[in-house]
Amino acid sequence: MRIPSRGLSRAEVTRALEGAREADWPWREGKLFAYTFAAGEEIEEVGKAAYMAYLTENGLDPTTFPSLRTFENEVVDMARRHLGGDERVVGNFTSGGTESILLAVKTARDHARATRPHVKTPKMLVPETAHAAFHKAAHYLGVEAVITRVSPETFRADVADIASKLDDDVVLVVASACSYAHGVVDPVREIAAVAAARGVLCHVDGCMGAFLLPYFRRLGADVPDFDFSVPGVTSMSMDLHKYGLCPKGASVVLYRDESLRRHQIFACSAWTGYTMVNTTVQSSKSGGPLAAAWAVLQFIGEDGYLRIAKDLLEARDQLVAGVRAIAGLRVMGSPDMSLVAFTSDDLGVFHLVDALKVRGWGVQAQLGSGPSRANIHMTINPGNTRWIGPFLEALAEAAAEVRALPAAAPPREMADELSRMIDADTTGEGLIRMLEALGVGSGTAPTRMADMNALMNELGPEVREKLLVAFVGRMFTPPAG
């Protein structure tokens, strides 16, 4: 596609934009349990209006746009108070959880460089259930991710295993509140105590749960301690574009005090242009997400979020009870959040995902990893709460249908041969041919994914990654011609 020789009219552009999303999932209907956080048209419009009002303001220079600096300081102030922090807690607004986590890991690495110069090979302890963004940060920043065990029953981090692996090269210990896959909160108080005893920083990843969990606690739910009220917690991340219901991308990263945060900030005057100083990874950035986050937080308020939390808590309990009542299904762990994962010992969960999709329900298939077997994941957002009953009816129907099907399980020999072929492919060309043979060579996933997911589930993590890199590379390659 070339830039058009003649510019289109606004009406033509609008029609093209609307037409482009014909195949997108109609998430506002409330039947998609992933990726989006719908809370109604009024909240969405407040966020959009603020976003567009500040779309063209540039967050690069806080002296040129002091309004953005005010918004950021007020959002951070709301966040630190929400998470049990005092006036010493500082932080910044970021584009999302991944950027918040990248910054927290950078800060820990650079803090160690400044205070523990003997550390030449920095490590961080990452529970098996911690978000993949920590692995991404390790890859980008040269910090080794040392994986620690979790309980195969509760999926909470194993404190004893963390303690046993906390050596002199560890610069950061990670805990989740909550972990994405199973919606459970790690034993943060115990993990932070182990880290503090060795003088090591402890980051709590609250990207998914930290905003909502305090409201669950106010409603009487038994929520483990996880925030700055816990001694030894030195930094936290919390997404606002999830259960804060703000437009993407909106997150915060917070530190116990400025002595830590200063390792996050980058400054450079060793070039011929303006002196560059950035609090986050981005330099130039639209003020839209920040203004939208500030506006939505103001609009919903504590009373509004508490009402939303009540609906979510009731929906979670209804979903958990309903899944447990269906023969052959079992909930994994005991979710602290409105995230639920369930699996089966005798039903093909990948077939179940396909059967639900045919019935108009969107859920996530999660491949097996470590102590967590293949399962179905559901993130309940406010738009889903009215649909829990109908969903459970559809789930029961789908389970009955799937019970009659053979499990989607490729022969072990096929998976082993595929692994050998992928390992032997050094150019990537063989991977492309393999994708074409599997029916996904165009970069478009088939409508029914059970067989593909079952095959992926049999492959080791490194082989999966190679195959996915090839698939996504093809997905984001413009067509020839």
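The values are calculated or read from the model by the stated rules, or taken from the named source; none is laboratory data. Keep in mind that this is a model prediction, so the values were computed, not measured. Every residue, glycine as well, gets a Cβ built from its backbone with ideal geometry; the counts of neighbours run over all protein chains shown.
V13 meets each of the listed conditions (1) in contact (Cβ under 8 Å) with a residue 40 or more places away in the chain; (2) assigned to a helix (DSSP H, G or I); (3) over 30 Å from Q298 (Cα atoms) apart from (1). Only one of the numbered conditions (1) touching a helix residue (DSSP H, G or I) at 6+ places or on another chain (Cβ under 7 Å); (2) surrounded by fewer than 16 Cβ atoms within 10 Å (Cβ to Cβ); (3) among the hydrophobic types (A, V, I, L, M, F, W, C) is violated by L260, and that is (2). Within segment 95-109, being under 18 Å from K242 (Cα atoms) and either of a type in the set (K, R) or touching a helix residue (DSSP H, G or I) at 6+ places or on another chain (Cβ under 8 Å) (or both) holds for S95, G97, T98, I101. A residue that is under 28 Å from G304 (Cα atoms), assigned by TED's automatic domain parsing to the domain that holds L125 and either touching a Lys or Arg at 6+ places or on another chain (Cβ under 6 Å) or without any contact (Cβ under 8 Å) to a residue 40 or more places away in the chain (or both) cannot be found anywhere in segment 173-180. When segment 16-47 is examined, which residues are found to be part of a helix (DSSP H, G or I), under 21 Å from N384 (Cα atoms) and either of a type outside the set (K, R) or at pLDDT 95 or above (or both)? W27, E29, E41, E42, I43, E44, E45, V46, G47 - these are the residues of segment 16-47 that are part of a helix (DSSP H, G or I), under 21 Å from N384 (Cα atoms) and either of a type outside the set (K, R) or at pLDDT 95 or above (or both). Here S237 does not fit the description of being closer than 14 Å to H82 by Cα, in contact (Cβ under 8 Å) with a residue 12 or more places away in the chain, among the hydroxyl-bearing types (S, T, Y) and loosely packed, with under 14 Cβ neighbours inside 10 Å. Scanning segment 253-289 for residues that are in a loop (DSSP other than H, G, I, E, B) and small (G, A, S) turns up S269, A270, G273, S283, S284, G287.
Scanning segment 250-283 for residues that are among the hydroxyl-bearing types (S, T, Y) and closer than 30 Å to L201 by Cα yields S251, Y255, S259, S269, T279, T280, S283.
Listed by first and then second residue, the pairs linking a residue in segment 60-77 that is in the same structural domain as K285 (by TED's automatic domain parsing) and without any contact (Cβ under 8 Å) to a residue 24 or more places away in the chain to a residue that is assigned to a helix (DSSP H, G or I) and charged (D, E, K, R), with Cβ atoms under 6 Å apart and 6 or more places separating them unless they lie on different chains, are P62/R69. Of these, R307, R324, R316, R256, which one is farther than 30 Å from G30 by Cβ and either among the basic types (K, R) or assigned by TED's automatic domain parsing to the domain that holds L55 (or both)? The unique qualifying residue is R256.
Among the residues making up segment 1-37, those that are of a type in the set (A, V, I, L, M, F, W, C), farther than 21 Å from G47 by Cβ and exposed (fewer than 10 other Cβ atoms within 10 Å of the Cβ) are M1, I3, A11, A20, A23. Scanning segment 453-470 for residues that are under 13 Å from A374 (Cβ atoms) and surrounded by 19 or more Cβ atoms within 10 Å (Cβ to Cβ) turns up N453, A454, L455, M456, N457, E458, L459.
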